[in-house]
Amino acid sequence: MSVDTNNLTVLLRQWAQGDRSVEDEVFEIVEPELRRIARRLLRREPGQSMESVDLVNEVYMRILKARNQDWRDRGHFYALMARMMRRYLIDRARARPKVIIHALEDVANWLPGQGNDLGLVLTIDHLLTDLEKESPELCQVVELKFFLGLGDRQAAQALRVSERTFQRRWLDAKVWLAKRLGVSNAAKHSG
């Protein structure tokens with residue numbers, strides 16, 4: 001980890017306290033990781049004409065306009081940026097004509113991350129909205145695994161929990177999704 005990356009939490013806190021002079025430095029540090037997140041999200045969006053740099057810039061500009069962001073640390077920052085990117089793409093997808101929202105049963109085939117049908121992406125978003133109402137912690141777990149593409153260790157660090165705790169939450173999230181989908185084996189998928 002570079003010195004700049006280690007310094008990111010400090011810079012984010014300065015930014016949250018109103019120090020706008022650190023914005024450029026923050027962006028320089030986070031841009032490579034944000035592009036990786038954007039590329040991963042865009043791969044799941046069929047027919048998407050947007051480039052990762054455009055998605056990063058669009059969402060980052062929205063963050064710049066926001067005031068008083070409470071960035072706890074770098075993991076929190078990346079998780080929120082990924083959520084904002086996902087929300088932006090979902091909003092764009094909803095604005096497109098001829099999007100078919102799939103029945104929840106169809107999502108079971110997508111859970112391991114093998115599909116990229118736009119209707120399925122929208123259905124997953126609907127599920128995550130419901131999950132967030134019931135358990136924000138489990139919703140974060142799903143977002144970190146699917147949308148950020150983090151491994152268990154990285155995701156646990158982002159949430160500041162042990163890897164074992166993260167794995168238990170991941171299992172709980174898969175069980176919740178399986179119950180919602182009416183699928184008995186969705187929670188058995190690895191990953």
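The values are calculated or read from the model by the stated rules, or taken from the named source; none is laboratory data. Fair warning: this is a prediction, and the values are worked out from it, not measured in the lab. Backbone-built Cβ (ideal geometry, glycine too); neighbour counts: all protein chains shown.
Considering only residues that are free of Cβ contacts under 8 Å to residues at least 24 places away in the same chain and among the hydrophobic types (A, V, I, L, M, F, W, C), look in the range 144-173 and name the one that is farthest from R35 (Cα to Cα).
Here the answer is L171.
Picking from I90, I29, I63, which residue would you name as being part of a helix (DSSP H, G or I) and either modelled with pLDDT of 85 or more or over 26 Å from L128 (Cα atoms) (or both)?
I29
Looking at this structure, is A155 outside the structural domain of L41 (by TED's automatic domain parsing), touching a Phe, Trp or Tyr at 6+ places or on another chain (Cβ under 6 Å), modelled with pLDDT of 70 or more and part of a helix (DSSP H, G or I)?
yes
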